[in-house]
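The values are calculated or read from the model by the stated rules, or taken from the named source; none is laboratory data. Computed from a prediction, not measured in an experiment: that's the story for all the values here. Every residue, glycine among them, receives a Cβ derived from its backbone with ideal geometry; neighbour counts consider all protein chains shown. Please note that ligands, DNA and RNA were not included when accessible areas were found on the heavy atoms of the full protein model with its side chains. Shrake-Rupley method; radii C 1.70, N 1.55, O 1.52, S 1.80 Å.
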There are 2 protein chains.
Amino acid sequence: MYRTHNCGELRMSHVGEEVTLSGWVQISRDLGGLTFVDLRDRYGITQVVFNMDENAELCQQARKLGREFVVRIKGKVAERSNKNANRPTGNIEIEASNLEILNASKVPPFTIENETDGGDDLRMKYRYLDIRRKPVMENLMFRSQLAIATRKYLSEGGFIEVETPVLIKSTPEGARDFVVPSRMNQGQFYALPQSPQTFKQILMVGGMDKYFQIVKCFRDEDLRADRQPEFTQIDCEMAFVTRDEVLDTFEGLTKHVFKELLDVTLADFPKMSYDEALERYGSDKPDTRFGMEFVELTELAKGHDFPVFDNSEYIVAICAKGAADQYSNKDIKKLTEWMQRPQIGAKGLVNIKYQADGSVKSSVGKFYDDATLNSWKETLEAENGDLVLILCGEKEKTQKQMNELRLEMGKQLGLIDPMQFNPLWVVDFPLLEWDEESERFHAMHHPFTSPKKEDQERMLTGDHETMKALRADAYDLVINGVEIGGGSIRIHDRALQSRNFDLLGFSKEEAEDQFGFLMGAFEYGAPPHGGIAFGFDRLCAVLKGQNSIRDFIAFPKNNQGRDMMIDSPSYIDETQMSELALESTVSAES
Amino acid sequence: MYRTHNCGELRMSHVGEEVTLSGWVQISRDLGGLTFVDLRDRYGITQVVFNMDENAELCQQARKLGREFVVRIKGKVAERSNKNANRPTGNIEIEASNLEILNASKVPPFTIENETDGGDDLRMKYRYLDIRRKPVMENLMFRSQLAIATRKYLSEGGFIEVETPVLIKSTPEGARDFVVPSRMNQGQFYALPQSPQTFKQILMVGGMDKYFQIVKCFRDEDLRADRQPEFTQIDCEMAFVTRDEVLDTFEGLTKHVFKELLDVTLADFPKMSYDEALERYGSDKPDTRFGMEFVELTELAKGHDFPVFDNSEYIVAICAKGAADQYSNKDIKKLTEWMQRPQIGAKGLVNIKYQADGSVKSSVGKFYDDATLNSWKETLEAENGDLVLILCGEKEKTQKQMNELRLEMGKQLGLIDPMQFNPLWVVDFPLLEWDEESERFHAMHHPFTSPKKEDQERMLTGDHETMKALRADAYDLVINGVEIGGGSIRIHDRALQSRNFDLLGFSKEEAEDQFGFLMGAFEYGAPPHGGIAFGFDRLCAVLKGQNSIRDFIAFPKNNQGRDMMIDSPSYIDETQMSELALESTVSAES
């Protein structure tokens, strides 16, 4: 037997007991007559003491232990004279009578401490050492707790977890699929699911009524900082539901996990229309933890012979409370340059400083006299001491830019509390987006999203302009500016689904080839249904107030889609290639 | 709102309430003045009655409802005059006041009944209709219940569920991998995991201590009747454990799920060595629900001038109690022919009938007189009335053949109770199997399995014959002749792991290239560890006393690896191929 107890459970009540512990050497301190070893495992750290007077040989052995050696120790639990209140086991120590090295360790390439000296690449390559670090271990344990709480809530709500297939069929809609060549059907491919969307709809047609799954999904996209080629979803679908029944259920789930994991009680989630979110925050995922909402100045600011404004479709301001003094001209120049970077692409940034002394300074003071600028104060809800920042241009683009500026200002002014949680539902999205370049509609959510009931008739018969105005029965859950999940009421009618594929530019043949099974299913008694999917990795991160999902994934891939530890992807055998009837058009580097 | 109640919950206590129900029309019966509609959903069936006298128009509508139409009905709950005791809702019915068709249905291609007239192919193509059938729906719900019970037991036991990656690295060891071409690293491939084996070991090196996961795994094998290219495992690993601690934990899990799901209390599981299992049953997964154990006759039967026996390495018998009369010469001929099919390949089948009247009849009566045959009775534990069946030949082959015969006789004689459960642990497997053809060793379990402690020194230093005799610290859980799971204590020492790769025919470079990260991890304080994996699909089937795993998978693939519903795998776009830098060496049929 390797242990009678783990390294986190011994207390004063165990004093006098003979115990066996196994674990890793966190640190070994040789104080001459005594050698102290901190023994670590997942459960905690226990101090072990070796006494030179009592057992010199054993103590000599202990002195030679290196960091991260794996050892088994036998001994007696004793009360510590020098107690450590910061450690649950801090009242006791083990007086060692036996020591066995189960495995040695080389010196680790970085320290196994809460704050490590290892860079990202090193941590990924030696992920087994990184996982020993408490913050990483705790994140992974937190993730598993979140899965438990999620499953409990949904199971108790009558949802059945059903595993949908991983080897499915490639469809060109949406992001790029990962594909899997078939050996038994040479020349043909499976695809890995971007989501189990059509399968969960099929389960509703099959009468499953309430389905969920915590499930891996896959997207072959160029990876940004916080994207992974494989990610996890809480995927759900319900039959015979209206939008608000879906929202209530998953608002309930969200409240449940916040309560269970953080002991945070969330208030009821506000609902905000897509249009309102854009007007107030310039984003369909607004961070509502702070104000600084958009104030449209288009009417007020035009007609003062300032050509830049006069020629703009849209002029918008935010008011940074009390920041007039904080921002020097140099600071504002920096901010302007930040906004002019190609990632944001603003042409310029106009500012008004309503100074504490009542005077006004503005970068457009030439065009607007103080009286005019002061007259805007009411609209802007600005007071003396406030800094107002203004952008102008094409409306959609300017909203996006101002959203970035608002978030940046929120950060700079310290308005964002990482442990405050502001959830909201964004609803009433447009159904279709017209893409000028490809001259076709794109589905704002996905091709299975239903238009709102009142728009269904119009969708079947309306003209091009009507299509642009259709509203989807779709919804997103946003927390702290992060899209946690989204979903919709689905189309369950063959004619409507077929019309949607038409609008999205599918030929009849393509629609039939790719989604014929679903449209076929709609002809055999498909119930009204709808659902939602939450990004599980992102939900973990938001709950813990962290930005990166990577720290909640046991074995993440880097931005090149590589697993640094196992060194994958990699070249495969010629035999494998020929069994799959494949040839590579690039030559192996090896 | 589509419903106030589901179709399974209304009782006498609801009589008088106005309710709304939605569901599928199971059947509609027009009895002239009254039309009865059975409305079905996942939860049950509720009878709805339409009264011609009270609302002729509504009743006319109801008469037109076809099977599987989806409808919403409003009405009042009333006590039935003609109660149906077989149905939980059988005391009440709904007096309909409103009917709305939510979706029509074509006539289904097969009946949505417990016993359907649909063949396998039709059921798979229209899986959404098949899932509406109660036995399929119940199997899927049973599966989800089994997952819940499994997670509960393991979580409460301190196991952390950790998701391991699906996009990993191809290794030629074991079965064939499915591979996934990488677009970002052209010419290179990911592989889908056959199991998370190395990752769970890495988690142990990382100090996770107790890991589990219910996880999809993938094998690109030629599919037999009961194999699927993607299947699900309960995958586990523990650090600082001995074999018996692993067995106790997972015996506990097995008992827990039998109790929770079937209310069956299992007795403690016997342990049987691999050698003993082969001697007694000719199989390392013996079905111990019935006796008819092997009796070796090699010594007794040789030396009587019967050349077939005299030239055999091994002679073995089973005794079918009381079957002498049951089996005519014609029956025995049929049995012999069954054994001579190429799948089994027996040369012949010898029989002895110890008749009820005390006389003896045997197919080898020419060579053995009655006295001799009677003298075998004690060894055979045979009595008058018993039928003894004998096979001979090369030992290993003959054991396999006799195993088939024993199972067949068990079936024919009705000795196998599908709802009896006989679990056992098979232990002490050989570590390595010598393959004459390829002149190399194969790992009996997998390359990470540790030899038993007492064999480790011999493994590092021994000769070829020593290697053949090494025992693995491996174990299988067998229930009713089905291998439910298997596992082992793993190697956690670099030298031993490296030696194992040598023996398995890996070059140093191959071992380093494929498993360098694991051997590297063993140098940084790898703890002793071991684990197990249960076949989740198979566990479902065994618990329900069924043979096929396919009925427990929502969307199974057929024997050609095809999903008949979505028609996958399929050809992909030329653009996709070229982005992946791939060319197919076969031409598309389309």
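Points worth noting:
- When A:Thr164, A:Thr171, A:Thr150 are screened for being touching a residue at least 40 places away in the same chain (Cβ under 8 Å), among the polar types (S, T, N, Q) and in a helix (DSSP H, G or I), only A:Thr150 passes.
- The set of residues from region A:10-26 being within 14 Å of chain B (Cβ to nearest Cβ) and loosely packed, with under 15 Cβ neighbours inside 10 Å is empty.
- In region B:514-528 there is at least one residue that is open to solvent by less than 10 Å² (accessible area, probe 1.4 Å), closer than 22 Å to B:Glu251 by Cα and modelled with pLDDT of 95 or more.
- Test result for A:Asp428, of a type outside the set (Ser, Thr, Tyr) and closer than 30 Å to A:Ile491 by Cα: yes
- The residues on offer are B:Phe199, B:Phe240, and the sole one that is over 27 Å from A:Pro181 (Cα atoms), at pLDDT 95 or above and within 7 Å of chain A (Cβ to nearest Cβ) is B:Phe240.
- Within region B:93-129, considering residues that are part of a strand (DSSP E or B) and facing another protein chain (nearest Cβ under 8 Å), the one nearest to B:Tyr2 (Cα to Cα): B:Leu102
- Taken as a whole, the structure places B:Leu122 among residues that are closer than 22 Å to B:Ile566 by Cα and open to solvent by 30 Å² or more (accessible area, probe 1.4 Å).
- Residue check: A:Ala191 meets all listed conditions (1) in contact with a helix residue (DSSP H, G or I) (Cβ under 6 Å, 6 or more places away or on another chain); (2) of a type outside the set (Val, Ile, Thr); (3) closer than 19 Å to A:Pro447 by Cβ but one, namely (1).
- The one condition in (1) at the interface with chain A (Cβ under 7 Å from one of its Cβ atoms); (2) crowded, with 23+ Cβ neighbours inside 10 Å; (3) touching a helix residue (DSSP H, G or I) at 6+ places or on another chain (Cβ under 8 Å) that B:Val180 fails to fulfil: (3)
- Conditions (1) free of Cβ contacts under 8 Å to residues at least 24 places away in the same chain; (2) under 19 Å from the mean Cα position of the chain (by Cα); (3) at the interface with another protein chain (Cβ under 10 Å from one of its Cβ atoms): number failed by B:Thr232: (1)
- Subset of region A:468-487 (residues that are under 25 Å from A:Leu266 (Cα atoms), among the hydrophobic types (A, V, I, L, M, F, W, C) and either buried (at least 21 other Cβ atoms within 10 Å of the Cβ) or touching a Gly at 6+ places or on another chain (Cβ under 7 Å) (or both)): A:Ala474, A:Leu477, A:Val478, A:Ile479, A:Ile484
Condition check ((1) of a type in the set (Phe, Trp, Tyr); (2) within 13 Å of chain A (Cβ to nearest Cβ); (3) within 30 Å of A:Leu39 (Cα to Cα)) across all residues:
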site: B:His492; (1), (2), (3): no, yes, yes
site: B:Glu523; (1), (2), (3): no, yes, yes
site: B:Ile532; (1), (2), (3): no, no, yes
site: B:Ser548; (1), (2), (3): no, no, no
site: B:Leu582; (1), (2), (3): no, yes, no
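- Residues that are more than 7 Å from chain A (Cβ to nearest Cβ) and within 24 Å of the chain's Cα centre (by Cα), drawn from region B:160-173: B:Glu173
- Every test in (1) within 16 Å of the chain's Cα centre (by Cα); (2) modelled with pLDDT of 95 or more is passed by A:Leu223 save one, and that test is (2).
- Residues located in region A:532-590, provided they are assigned to a strand (DSSP E or B) and in contact with a helix residue (DSSP H, G or I) (Cβ under 6 Å, 6 or more places away or on another chain): A:Ile532
- The set of residues from region B:156-191 being touching a Ser or Thr at 6+ places or on another chain (Cβ under 8 Å) and under 30 Å from A:Gly158 (Cβ atoms) comprises B:Gly157, B:Ile160, B:Glu161, B:Val162, B:Glu163.
- Lone unmet requirement of (1) within 20 Å of the chain's Cα centre (by Cα); (2) of a type outside the set (D, E, K, R); (3) at the interface with chain B (Cβ under 10 Å from one of its Cβ atoms) for A:Pro193: (3)
- Enumerated strands (runs of 3 or more DSSP E) restricted to region A:294-369, each holding at least 2 residues that are open to solvent by 10 Å² or more (accessible area, probe 1.4 Å): A:350-354, A:360-362
- Selection from region A:28-50 of residues that are assigned to a strand (DSSP E or B), over 18 Å from A:Lys83 (Cβ atoms) and either open to solvent by less than 30 Å² (accessible area, probe 1.4 Å) or within 14 Å of chain B (Cβ to nearest Cβ) (or both): A:Ser28, A:Thr35, A:Arg40, A:Asp41, A:Phe50
- Residue count for region B:243-280 satisfying the condition of being open to solvent by 10 Å² or more (accessible area, probe 1.4 Å) and either modelled with pLDDT under 95 or not charged (D, E, K, R) (or both): 15.
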